[in-house]
């Protein structure tokens, strides 16, 4: 009888253990397999991913703030999965939100002004459409940016839903899109500067870019403004070159190309981005490391540090300025010395 109860208890224990193992397998393995790996890894630095055709498109009548909001929103689309691969077009989410705090922090705008910027951007994003040239200059497409846009005043954010038509131009297709960190354009004060900097990203490894005057007018969306070439130049790309050089050690300059007496194109020259291939010894995988031109802020910091270190580097047998300073005696010791002399003379 005891043996029977012992066998039943052992069987019951094994059954409970089997249930626990099954539950553990379901919760830890099956759920992991159904997990969307594209959501596992998020980029710490907001990055812009754009198709090259979208990068050269006509962006309606966006203001500089509208365009910054648009760029900030599309940084939320791209990313990599748990294996480090770019997300496929069918994995990209169309609906994204941007808070006033996020925009304020990245673009150094006061939080109180950000609410108004986001509110205006919602209207512009819904009305705006983008004109993208067809291959071989065979016409163009006009594409709406958003199918839905919401402004939430209470919680301080906007939410937009990108259209199906624009999503293919925001997909991360290797060799067909440009990539840069959003903070790289955060200090620019002009839409023309931001757009020129984006154009240069497509040619960052070559160190030069050639654009016709008509192409520049299209990208800068000047319309009927700046009718003379000299006025157009000064107000757009000449000013943009100066602002980019004020922020980056790029040595950006341009040359004008003529047909007869008419200027028809502009060639830009700048310091190219150095690409170094690094191979992982364990996996054998090779990745590209991009070394972009340094920011002027970093250069000024290094110059200041070099100046400080050189002032402290004193040649052997030389005295430093600190050593030439007379020793400052405490007031108490001076008074006690005078008092002792006075007492000794009295004696």
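The values are calculated or read from the model by the stated rules, or taken from the named source; none is laboratory data. A quick note: this is a predicted structure, and the numbers were derived from the prediction, not measured. We place every Cβ from the backbone using ideal geometry, glycine too, and count neighbours over all the protein chains shown.
Points to keep in mind about this one:
- Failed criterion for residue 181 (all others in (1) outside the structural domain of residue 66 (by TED's automatic domain parsing); (2) surrounded by fewer than 18 Cβ atoms within 10 Å (Cβ to Cβ); (3) within 25 Å of residue 130 (Cβ to Cβ); (4) in contact (Cβ under 8 Å) with a residue 24 or more places away in the chain hold): (1)
- Some residue of the stretch 129-138 being in contact with a helix residue (DSSP H, G or I) (Cβ under 6 Å, 6 or more places away or on another chain) and closer than 30 Å to residue 215 by Cβ: yes
- Qualifying residue in the stretch 113-133 (condition: within 24 Å of residue 192 (Cα to Cα), modelled with pLDDT under 90 and either out of contact with any strand residue (DSSP E or B) (no Cβ under 7 Å at 6 or more places or on another chain) or not in a strand (DSSP E or B) (or both)): yes
- Condition broken by residue 176, with the remaining ones in (1) in contact with a strand residue (DSSP E or B) (Cβ under 8 Å, 6 or more places away or on another chain); (2) more than 17 Å from residue 68 (Cβ to Cβ); (3) modelled with pLDDT of 95 or more satisfied: (3)
- Residue 255 out of contact with any strand residue (DSSP E or B) (no Cβ under 8 Å at 6 or more places or on another chain) and either not assigned by TED's automatic domain parsing to the domain that holds residue 179 or not in a helix (DSSP H, G or I) (or both): no
- Criterion (assigned by TED's automatic domain parsing to the domain that holds residue 55 and either touching a residue at least 60 places away in the same chain (Cβ under 8 Å) or surrounded by fewer than 12 Cβ atoms within 10 Å (Cβ to Cβ) (or both)) met by exactly one of 119, 101, 134, 105: 134
- Filter result for residue 210 (part of a helix (DSSP H, G or I), under 30 Å from residue 292 (Cα atoms) and not assigned by TED's automatic domain parsing to the domain that holds residue 53): no
- Taking the stretch 258-270 as the range and being assigned to a strand (DSSP E or B) and touching a residue at least 40 places away in the same chain (Cβ under 8 Å) as the test, the residues that pass are 263, 264, 265, 266, 267, 268, 269.
- Qualifying residue in the stretch 89-96 (condition: closer than 29 Å to residue 217 by Cα, in contact (Cβ under 8 Å) with a residue 24 or more places away in the chain, in contact with a helix residue (DSSP H, G or I) (Cβ under 8 Å, 6 or more places away or on another chain) and surrounded by 15 or more Cβ atoms within 10 Å (Cβ to Cβ)): no
- With respect to being in the same structural domain as residue 273 (by TED's automatic domain parsing) and over 18 Å from residue 68 (Cβ atoms), residue 193 falls outside the description.
- Pairs linking a residue in the stretch 140-155 that is closer than 22 Å to residue 59 by Cβ to a residue that is exposed (fewer than 13 other Cβ atoms within 10 Å of the Cβ), with Cβ atoms under 7 Å and 6 or more positions apart or on different chains, are 140/134; 141/134.
- Selection from the stretch 226-263 of residues that are more than 20 Å from residue 197 (Cβ to Cβ) and in contact with a helix residue (DSSP H, G or I) (Cβ under 6 Å, 6 or more places away or on another chain): 263
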